[in-house]
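One structure is given below, encoded as structure tokens.
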Amino acid sequence: MVPAFSPGDLVFVERRRPRVGDHAIIEYQDGPDAEIRVIIKKLAAVTSKAMRFQQYNPDRVLEIPVQHIVRMQRVMTMSDLFSV
């Protein structure tokens with residue numbers, strides 16, 4: 001997730017759902033018997049059918065259907081915690 005996060009950065013996971021513009025940990029699976037995958041991305045947009053996430057390396061937008069998302073939680077940095 002460079003440039004948003006660097007290797008070794010300390011981040012915290014908040015249990016509330018992220019808003020557009022927040023970074024998030026997303027757990028999703030492509031089908032009922034598929035393996036659950038976990039990624040960290042920036043929430044770019046939400047529609048009734050899908051959520052779009054910004055990926056930095058390579059730069060692209062990843063779209064995941066809402067029914068494939070198992071859980072999603074906000075990622076917080078030290079700056080978020082201390083309102084810096």
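Tabulated data
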quantity: Residues within region 57-84 that are under 18 Å from Phe5 (Cβ atoms), in a strand (DSSP E or B) and hydrophobic (A, V, I, L, M, F, W, C), tallied; calculated: 4
quantity: Arg15, sole failed condition from (1) under 17 Å from His68 (Cα atoms); (2) of a type outside the set (Phe, Trp, Tyr); (3) exposed (fewer than 10 other Cβ atoms within 10 Å of the Cβ); calculated: (1)
quantity: Hits in region 30-84 (condition: buried (at least 16 other Cβ atoms within 10 Å of the Cβ), β-branched (Val, Ile, Thr) and either under 20 Å from Val11 (Cα atoms) or in contact with a Cys (Cβ under 8 Å, 6 or more places away or on another chain) (or both)); calculated: Ile40, Val75
quantity: Close pairs from region 8-21: first under 15 Å from Leu43 (Cα atoms), partner at pLDDT 95 or above and open to solvent by 80 Å² or more (accessible area, probe 1.4 Å), Cβ under 6 Å, at least 6 apart; calculated: none
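The values are calculated or read from the model by the stated rules, or taken from the named source; none is laboratory data. Here the structure is a predicted model, which is why all the values come from computation and not from measurement. Every residue, glycine among them, receives a Cβ derived from its backbone with ideal geometry; neighbour counts consider all protein chains shown. Just the protein is used for accessible areas: all its heavy atoms, side chains included, with ligands, DNA and RNA removed. Shrake-Rupley method; radii C 1.70, N 1.55, O 1.52, S 1.80 Å.
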